[in-house]
Amino acid sequence: MHALKKNRPLRRIVLASAATVSGMVLLLSLKPHTSPVLATSETKSPTMSSSSAPSSGSGSSSGSSSGSKSGVSKTATGDTVQTRWGPVQVRVTIKSGKLTDVTAVQYPQDNPRDQEINSYALPQLRREALAAQSADIDMVSGATYTSTGYQQSLQSALDSAGL
């Protein structure tokens, strides 16, 4: 007769328990995708300048402008937004009160998958921002965390630039 037949229920219980414990040990031994740095959400407020937001090595400035005359270009860098996969930060250029350029200064690029996702997501987010002339942009499917961070940093940069 087979070892797992009904005449040996204790053996089935022991084997099922061992399989469950083994499965839990394997699941708990998996390494998370994120780096060991603690990812925390920063408090956002329109009056907070970008220079008070932490960044990774390259100090962020709230922007530079040559005055409020028409035709003058103004640049502002948004807050660094910590996402599940890494920091996202955006820099905007405004000319004559119109958003003319959006550049991703920081974005997740630690592994090939991040690079693949952001290679198609960032150009789409840039086009959306330039078309909308605001941070009210659509998310990119498959890049939800990057899209959310991009949108928050974009709003921060626009607030800093006074747009």
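Multiplying the residue separation of Arg84 and Lys98 by 0.36 nm and removing their Cα-Cα distance gives an extension gain of 1.9 nm. Peptide packing for 119-128, 7-16, 144-153 was compared via the average number of neighbouring C-beta atoms within 10 Å per residue; ordered from the highest value, the list is 144-153, 119-128, 7-16. In this simple spin-label approximation, Asp138 and Arg11 carry label points 7 Å from Cα along the Cα→Cβ vector, and these lie 6.1 nm apart.
Values quoted throughout were computed directly from the atomic coordinates according to the rules given, and no laboratory measurement underlies them. Predicted model only: the values in this text are computed from it and were never measured. Using ideal geometry, Cβ is built from the backbone for each residue, glycine included, and neighbour counts are taken over all protein chains shown.
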